[in-house]
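Where a number appears in this text, it was derived from the coordinates with a stated rule and is not lab data. Since the structure is predicted, the reported quantities are computational estimates derived from the model, not experimental observations. Note: ideal-geometry Cβ built from the backbone for every residue, glycine included; neighbour counts use all protein chains shown.
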Amino acid sequence: MWRGATTNSPARRSVRSAIHSTWTAGVRSTQVNATWTLPIGTSTSAALSVDRVRSTAPGADRDERALSIQRNLPLGEGFGYRLRASDQGPRQAEIDYQNRYGTYSAEVAQAQGQTGERVSASGGVGFIGGNMFLSRTINDSFGLVRLPGYPDVRVYSENQEIGRTDAAGELVVPRLLPYQKNTVRIEQEDLPFDAEFDVLAHDAVPYARSGVVVEFAVRPARGALVKIMQDDGAPVPAGAQVRVEGQVGAFPVALNGDAYLTGLSPRNRAVATWLDHECAFEFDYPETGDPQPRLGPFVCRRLH
């Protein structure tokens, strides 16, 4: 025979209490438990629990008070831990660490005068896009983020930081939901000033227990602030449009004949137009570490 009751507090600082009563072979046992949980930040919590057992069986009564504190492992790289102390039961300490290649744990416990230690490590090996990679344990679907040429860029899955791209600009996302949209995005702040991109987020939809490549088209802007002058020495007026041959779209001219042009080649030809005027000029783009070199002035020769 068994009967019991449980109550919970909806507050952020939660209190949970339970009463269980059993009657077996003429022995009645009642257990009362109360646990108070206090969140500390977003991933850490502390708990205090009190257990009391009363039984008609000789020597079966027991009282125990335990205190524990734990920090959960993040979805990405980081560490967690768990500490537990009891006036009657075992004492336990555990620390966990997780990086892009695996999860590692060290634990020590003491009970009934004996002490035990344990260490463990887990990881995974996968194949995708013709390449083999090492990662944390993969139990279901996963993704491989590719950002060629851009290391140390933060990657998020469903707004949770997973890690940073490696020296090749890649990162394995070990947990994705199969047959569903998983929003994977990169951190714009980690990209160089002169980087151009089409989008910062993709929806990855993998099959069950398989991988999907999530590639971001990021490239150097190869831009420059170019000063453009007319034949008579006056600057090309603000509002004029500049089109670089081989590119789609136009760049506006600002004050003093300045225009910021991107996607430049070592050698470029451009045409500026405004009202009934049209002129052309050619210029070289230097190989430089400056993300926004200033070039010119260049004379734009009138075509019409």
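The residues of region 279-304 that are of a type in the set (Gly, Ala, Ser) and closer than 16 Å to Gly233 by Cα, listed by number, are Ala280, Gly296.
Applying a threshold of 9 Å to beta carbon distances and a minimum spacing of six or more residues, or different chains, the list of pairs starting in region 100-115 at a residue that is in contact (Cβ under 8 Å) with a residue 60 or more places away in the chain and ending at one that is aliphatic (A, V, I, L, M) and in a strand (DSSP E or B) reads Arg100/Leu134; Arg100/Ile162; Arg100/Leu171; Arg100/Val172. Checked against the criterion of being among the acidic types (Asp, Glu) and either in contact (Cβ under 8 Å) with a residue 40 or more places away in the chain or part of a loop (DSSP other than H, G, I, E, B) (or both), region 49-60 contains not a single residue that satisfies it.
Just one of (1) within 17 Å of the chain's Cα centre (by Cα); (2) without any contact (Cβ under 8 Å) to a residue 40 or more places away in the chain; (3) farther than 27 Å from Gln92 by Cβ fails for Leu134. It is (1). Hey, among Gly89, Gly143, Gly126, which residue is touching a residue at least 24 places away in the same chain (Cβ under 8 Å), assigned to a strand (DSSP E or B) and surrounded by fewer than 18 Cβ atoms within 10 Å (Cβ to Cβ)? Of the residues listed, the single one that is touching a residue at least 24 places away in the same chain (Cβ under 8 Å), assigned to a strand (DSSP E or B) and surrounded by fewer than 18 Cβ atoms within 10 Å (Cβ to Cβ) is Gly126. Of everything in region 194-221 that's crowded, with 18+ Cβ neighbours inside 10 Å and not small (Gly, Ala, Ser), which residue is nearest to Gly126 (Cα to Cα)? The residue in question is Val212.
Among the residues making up region 170-199, those that are part of a loop (DSSP other than H, G, I, E, B) and closer than 21 Å to Glu77 by Cα are Leu177, Glu187, Leu191. In the set Glu278, Glu245, Glu282, Glu287, only one residue is acidic (Asp, Glu) and under 28 Å from Ala168 (Cβ atoms); that residue is Glu287. Restricted to region 262-304, and to residues there that are outside any strand (DSSP E or B) and hydrophobic (A, V, I, L, M, F, W, C), the residue that is surrounded by the fewest Cβ atoms within 10 Å (Cβ to Cβ) is Leu275. All conditions but one from (1) in contact with a Pro (Cβ under 9 Å, 6 or more places away or on another chain); (2) assigned to a strand (DSSP E or B); (3) among the hydroxyl-bearing types (Ser, Thr, Tyr) apply to Tyr150; the one that does not is (2).
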